[in-house]
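Peer 1: Below: one structure in structure tokens.
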Amino acid sequence: NTRTVAANLGCKKSPGESYSSNRVNVLIPEVIQSTKSVLILEYMDGIRLNDTASLDAFGIDKQNIVEEITRAYAHQIYVDGFFNGDPHPGNFLVSKEAPHRPILLDFGLTKKLSSSMKHALAKMFLASAEGDHVALLSAFSEMGLRLRLDMPEQVMEITSVFFRSSTPATEAQQNLKSLAEQREKNMKAIQEKLQLNQKEVKRFNPVDAFPGDIVIFGRVLNLLRGLSSTMNVRIVYMDIMKPFAEAVLGNINKTPAANAQWIYNTPVHSDVEAKLRRLLV
């Protein structure tokens, strides 16, 4: 797993070699030797993320470190479809040598995504970023997530919370209060739409089927948010992750310039799109 992620992120490239446009600037220790009983890694001298005094002493930009870790995860999830499912503070160091870079450790808990799930996650992210209800519901369908209600606005708000920006620890209480108020507002709209009583509202679960890949994906986002809080920085996930999600969907969304044959032989992602194509024909 360590070797795979290092290769995917281009950590072993020499300075003269080319990188992709979404290059990630992190370090991963090289595997020196591996047996069933012993794993020996290259030693890297680094600072723990919760060692604020040392980070400040070395003049390390904490905002930049967390952003780079987030970019590394965006690459792993959307581009590679193979990611470390355990981004807690103990699994990172910051190199003492300039330029100070995040060191990624411990790939014992990793997750491999199918190509279809990877595309669906990227589509869900971009749909949320762009406020596209049709694309969001289409992405949910593609990843096997079934909802019990036909209320796109509420679904969009829930997904926006999923990808919300992190807040420094000093703002955590206010942030939780805002989320609670938003949830109450959503549940009130659901109650009115479905005509539920108070008891039914408390038991109501809007999701009918929830794939395991989404559980781990959600866990990773929450742990990254906790990492930001630990470092007392604000991370705008929409801005950082968007280029990686766009890179995955780029080939799907490009309109062919040569001819109009795409209208017959490319995938249809929603009922609205199917009707529109018939109209165009």
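Peer 1: Using only the heavy atoms of the protein chains and a 1.4 Å probe, how would Arg48, Arg277 rank by accessible area, largest first?
Peer 2: Output order, biggest surface exposure first: Arg48, Arg277.
Peer 1: Past the 21 angstrom mark, what percentage of all C-alpha to C-alpha distances in segment 1-112 do you count?
Peer 2: Summing the P(r) of segment 1-112 above 21 Å gives 36 percent of all pairs.
Peer 1: Another question, then. Using a 1.4 Å probe and ignoring any ligands, DNA or RNA, find the accessible area of Thr4 and quote it in Å² to the nearest 10.
Peer 2: About 60 Å², rounded to the nearest 10.
Peer 1: May I ask you to give the percent of accessible area on segment 1-115 that is carbon plus sulfur, with a probe radius of 1.4 Å?
Peer 2: Of the solvent-accessible surface of segment 1-115, carbon and sulfur hold 48 percent.
Peer 1: Let me ask you something else. Determine the per residue accessible area of segment 1-112 with all protein chains present and a 1.4 angstrom probe, expressed in square angstrom.
Peer 2: 51 Å²
Peer 1: Once you've got the Cα coordinates, tell me which of Lys36/Lys242; Lys118/Lys275; Lys62/Lys111; Lys36/Lys112 are over 31 Å apart.
Peer 2: Violating the 31 Å limit, Cα to Cα: Lys36/Lys242.
Peer 1: While we're looking at this one, here's another question. What number, in percent, do you get for the relative contact order of segment 1-112 if the mean sequence gap of Cα pairs under 8 Å and at least 6 apart is divided by its residue count?
Peer 2: That works out to 32 percent.
The values are calculated or read from the model by the stated rules, or taken from the named source; none is laboratory data. Computed from a predicted structure; not experimentally measured. These accessible areas exclude ligands, DNA and RNA; they are computed on the full protein's heavy atoms, side chains included. Shrake-Rupley method; radii C 1.70, N 1.55, O 1.52, S 1.80 Å.
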